[in-house]
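The values are calculated or read from the model by the stated rules, or taken from the named source; none is laboratory data. Keep in mind it's a predicted model, so treat the numbers as computed, not measured. Counting neighbours? That spans all protein chains shown, and the Cβs are built from the backbone with ideal geometry, glycine included.
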Protein chains: 4
Amino acid sequence: MAKNHEQKKEKIIEAAGIVFSKKGFHQAKMDEIAEMAKVAKGTLYYNYSSKSKLFAATVTQGLNRIMEAIEENIESDLPFQEHFHGILSTLIRLYISNSEVTRIYANEMSSGIDDEVLVEIKNVRKKFNAFIETQLKLGQEKGYFRPLPPHLSAMAVIGIIDTLCSHYLEDPEHDTLEEITDTVYTILSKGLAQI
Amino acid sequence: MAKNHEQKKEKIIEAAGIVFSKKGFHQAKMDEIAEMAKVAKGTLYYNYSSKSKLFAATVTQGLNRIMEAIEENIESDLPFQEHFHGILSTLIRLYISNSEVTRIYANEMSSGIDDEVLVEIKNVRKKFNAFIETQLKLGQEKGYFRPLPPHLSAMAVIGIIDTLCSHYLEDPEHDTLEEITDTVYTILSKGLAQI
Amino acid sequence: MAKNHEQKKEKIIEAAGIVFSKKGFHQAKMDEIAEMAKVAKGTLYYNYSSKSKLFAATVTQGLNRIMEAIEENIESDLPFQEHFHGILSTLIRLYISNSEVTRIYANEMSSGIDDEVLVEIKNVRKKFNAFIETQLKLGQEKGYFRPLPPHLSAMAVIGIIDTLCSHYLEDPEHDTLEEITDTVYTILSKGLAQI
Amino acid sequence: MAKNHEQKKEKIIEAAGIVFSKKGFHQAKMDEIAEMAKVAKGTLYYNYSSKSKLFAATVTQGLNRIMEAIEENIESDLPFQEHFHGILSTLIRLYISNSEVTRIYANEMSSGIDDEVLVEIKNVRKKFNAFIETQLKLGQEKGYFRPLPPHLSAMAVIGIIDTLCSHYLEDPEHDTLEEITDTVYTILSKGLAQI
DNA sequence: TATGAATGAGTATTCATTCAT
DNA sequence: TATGAATGAATACTCATTCAT
């Protein structure tokens, strides 16, 4: 019953995503994850040897899924301006719809997690940063972007998206997703200043 | 001796700032704070009735101190462009030099803290956001800034600063503070795109 | 093995009865109960979610056991006088032989226990009072007892038994159980005064 | 200012009586007593070297006051029956009006108090028991009471009064003081059985 | 005499992890 | 493979007592 087993692992990751994002790493309880996944607590440990490992698996799988989705959604034969707008729009949409994972990414890289596991998570993060960085370098080469340090620009992009999307998720009634996207796009491409 | 007593409270807040910023709220231990402040654990509770209250006092005092410093450092009779550059530069400098507090601000608004206390902290945060928002509105009125939603722009400003400064603090050798400040200023005022 | 588990719960209740009766609710320590039951402290909490709940379970189970024993021991087809004597004698015997529980019942209904739990305990108490009250009403209907307020009479019965049995338990050498029983029976049925 | 000082000690005892009776020995906090007495906590220790000593002083003073009041209120030249009724009535009245002390007496002789202090309290108790015992012996000598063991009868008297008065104090609306007094008198003098 | 800030030993409770079944 | 009862180390918080002023 390999399928059955994989399904169970998937159910656990899904439950973990929900609980970790709602409570953060330290406040999330293995009991609650087990209950939400409808498995016994022992089963968690049967599949993931510790809370940290389960956390790492949750974040890693989640971010990889998001990155795959981004790559699928990018059409690179558009004019660069539209290409860039498309990336931001995709990023924001996926950030919102995968909020269980992105919230974790945003808030819970703090200490108290096994170093070994922390390294694993930081690597996925780097992969994510590198992806943005690549896009920015592309823009620079094409002469569309200013020659700013790409790794700092990449972080700026992520920082803006992270902050505005977190704000949106806290109170989705307050602003529309278009406003968020437009604001992000305008600031990043043209800046706050006019003329 | 009232002075002596106030000094002790100050020593506690200072120790709390260090420990909370290093470990985060849930991983910070009252024992460690007491030890670092060189007082008995009971003294912590004699002065702050709970861990949450101590946390709130630490963050509130810290952010208020930063806001005062910002206001003292702003020269508002400069041309707006330079005025804005000055604000960003001051913000970044204070963010870095008060890292014990700003790290907390950035990472630990998550759940698990008394609601009552959480509200107090969120209020200081709002005060901070409002300050940035006011500056942006001023720029819009002067015709210097585009008419973007000010509260979203304010968050974008904070998001960029937060992300880049956190990055700087994680590895201060990697980039200089000028690079950080320039990147923040350029992106925010002119955007990534050229022409 | 369910049996094993039930045995462990029983061992805990037994230990709790001994410690609570010796120390009272607030002075009883969970550590001591765990040690006496030969389980880890966590096991106490795995089975009873708090000290209050464990206390409630101990008292409730104990009083229910006593009430069952009383009902089994009453022969109601005797002449009423002997029937009443039998009840008192049974009550006293069970009070003494279940002293871990009755001592708690007598001394520890005071404050400091969760309200929810306190209510539970008071309900078992009411059940016990109601039982005595029923017997007294029966005696009144049969014309054997004076028409005194039954709930007050019931409390008087319990009060006398409680006081004399506590006295007996404090120093069992001093008086015999027969003397106690005779005194209780004589006072309650005929009063102190003669003729 | 000896007077002033004595007044302060009196204020402390009074506050202690209220707090001990409401919370019991272990749940009563020195802080609360100090606050209620409107003195600093240090002052408690300046006058009574420990919590146990303060407790002992509270109980001893209280019971002595009650015993004095009883002796003042007894008219011994009445017919014995009325004399006995008078004693019970006085006892009940004083039990109710000195509930802070009598509640302590009833519920808090349990463990956890310094042995030395416990002995002191038990001695006052014995004095109180002895007083009742003397009255009962008098009744026996006068041929009014049956020849039951006087120390057991005395405890029975105290047990009934204690239980019914505690019940009255818990819910003073439920029964009148006359009903209580009549029930106690009838049961004790004539018993529950009629003819 | 009186104060109240400071102390630290003592306690209920939590929760990741283990392991017999 | 899966379970869930059992564990015990870890931790926030309490409060009688002390003592410098």
Practice task
Test C:T163 against the stated conditions and say whether it is of a type in the set (V, I, T) and over 17 Å from the mean Cα position of the chain (by Cα).
Solution key: no
Handout entry: Residue satisfying condition, being more than 30 Å from A:E178 (Cα to Cα) and within 11 Å of another protein chain (Cβ to nearest Cβ), within set B:T181, B:T176
Key = B:T176
Exercise for the section: With the condition kept exactly as written, say whether any residue in region C:59-69 is within 16 Å of DNA strand E (Cβ to nearest atom) and crowded, with 16+ Cβ neighbours inside 10 Å. Expected result: yes
Completion exercise
Cβ pairs under 7 Å, 6+ apart or interchain, first in region C:42-59 and within 13 Å of C:D114 (Cβ to Cβ), second near DNA strand E (Cβ under 6 Å from one of its atoms), ordered by first then second residue, are C:K51/C:M30
Practice task
Might you let me know whether region B:115-135 holds any residue that is at the interface with another protein chain (Cβ under 7 Å from one of its Cβ atoms) and over 21 Å from A:I92 (Cα atoms)?
Solution key: no
Problem - Among the candidates C:Y105, C:Y168, C:Y144, C:Y95, residue that is in contact (Cβ under 8 Å) with a residue 40 or more places away in the chain, within 14 Å of chain D (Cβ to nearest Cβ) and farther than 27 Å from C:A56 by Cα - result: C:Y144
Exercise for the section: Spot the failing condition for B:F20; the list is (1) under 26 Å from A:F25 (Cα atoms); (2) more than 15 Å from the chain's Cα centre (by Cα); (3) crowded, with 16+ Cβ neighbours inside 10 Å, and only one is missed. Expected result: (2)
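Per-residue answers, yes or no, for (1) at positive phi; (2) surrounded by fewer than 19 Cβ atoms within 10 Å (Cβ to Cβ); (3) in contact with a helix residue (DSSP H, G or I) (Cβ under 6 Å, 6 or more places away or on another chain):
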residue	(1), (2), (3)
B:Y105	no, no, no
B:I113	no, no, yes
B:V117	no, no, yes
B:K126	no, yes, no
B:Y168	no, no, yes
B:E178	no, yes, no
Handout entry: Answer from A:V19, A:V59 - the residue that is of a type in the set (A, V, I, L, M), within 14 Å of chain B (Cβ to nearest Cβ) and within 22 Å of A:L169 (Cα to Cα)
Key = A:V19
Fill in the blank from the handout: Across (1) within 13 Å of DNA strand E (Cβ to nearest atom); (2) in a helix (DSSP H, G or I); (3) modelled with pLDDT under 90, C:F25 clears everything bar (2)
Practice task
Could you list, in sequence order, all residues of region A:39-61 that are in a helix (DSSP H, G or I), of a type in the set (F, W, Y) and either within 15 Å of DNA strand F (Cβ to nearest atom) or under 20 Å from A:N4 (Cα atoms) (or both)?
Solution key: A:Y45, A:Y46
Completion exercise
Per the list (1) out of contact with any Leu (no Cβ under 8 Å at 6 or more places or on another chain); (2) near DNA strand E (Cβ under 8 Å from one of its atoms), residue check on A:L44 breaks on (1)
Exercise for the section: For C:I33, indicate whether it is surrounded by 19 or more Cβ atoms within 10 Å (Cβ to Cβ), within 11 Å of DNA strand F (Cβ to nearest atom), more than 14 Å from chain D (Cβ to nearest Cβ) and more than 14 Å from C:E120 (Cβ to Cβ). Expected result: no
